[in-house]
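Report on one structure; see the data block that follows.
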């Protein structure tokens, strides 16, 4: 039987995977299971980078990559698949090249598209295991529901600042039953804007390396049957304190998923927000040059302010209501953040508290200021 298993591998592959094969619990059978497996990675960024590197190196026979984004210089602090030369290029195709160079014995398919309710089920149906490395709630619920409907295991991971989470959803137990899924622990998404993504809240660069590697580990365990996967458990990791804990997830038998829905609507992101008055960075620059009397408010976080600032008064958006007495009502007030999203949110919140008619959002935020007015201001 063993000699028959050898026939599935070339001598180069046997040498490459020898450290797997000599593990008694793993052996040729485990390596063969990896070679036969089809794994779909949603996102090739912070989590996807380490997951893809280790799954490719481990010998997963067919890997699919879903990503429609391009490489940005702010990615390189953590997305170790990419180099400076990749900036501006397709993440999915650059990942494919890097992984194929790492392991020419595997197949890699690029799906350069935005996953949605129309294409998710058909795409996921073509793979055995899905690894979700996305950073937004609509896609997390979409991936979860599609995996449930298509009877696929969803290896989940997420990161934020110093914290990471890992779990295995919809796991197939030996008795044929399925384990809990994402909705069993998070039945409803948080209110829009409550939980910032990594571009707004930041992430310690090494954290996705740790959590993404754990995600790859769980994929390997699911495929090979080696070890005990994180089914029915949510693993929590705090990199700042190195504390870890597990939350037990109970399956909600009353919860049923019958079809894919509008996930933007489900997460409250489809509600049209009233536009706020805004000015461009050129207009703000002209105001300064012409001596216009105005107040400039920066609603980013203190650590962002320390990286780059353009002379505004720091009033973080999370505490903006407490700064109400310090916001002028008798002159123009320009509010800015990194890109213009949080500052618009701050203006809406202030207008709900008091009938301001003198607040202006800086379009494009400090990024636009750096690009168009003062390139000495660092982008981050």
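Values quoted throughout were computed directly from the atomic coordinates according to the rules given, and no laboratory measurement underlies them. Quick caveat, the model's predicted, so the values are computed rather than measured. Positions of Cβ are backbone-derived with ideal geometry, glycine not excepted, and every protein chain shown enters the neighbour counts.
The angle separating the long axis of helix 341-353 from the principal Cα axis of greatest extent in the chain is about 50 degrees. Computed over the alpha carbons of the chain, Rg followed by Dmax gives 23.9, 85 Å.
By the helix-only formula, in which each DSSP H run with n ≥ 4 contributes -39500 (n - 2.57) and the sum is divided by residues, the chain has a 222 nm mean residue ellipticity of -9500 deg cm²/dmol. For 243, 105, the sequence from fewest to most other C-beta atoms within 10 Å is 243, 105.
Taking other C-beta atoms within 10 angstrom as a stand-in for reagent exposure, 287, 369 fall in the order 287, 369, fewest first. Put a dot 7 Å past the Cα of residue 206, heading toward its Cβ, do the same for residue 332, and the two dots end up 4.7 nm apart. Each residue, residue 89 and residue 72, gets one label point 7 Å from its Cα in the Cβ direction; the gap between the two is 2.0 nm.
Across 245, 121, 38, mean-square fluctuation computed from a Gaussian network of the chain (C-alpha pairs under 10 Å connected) peaks at 245.
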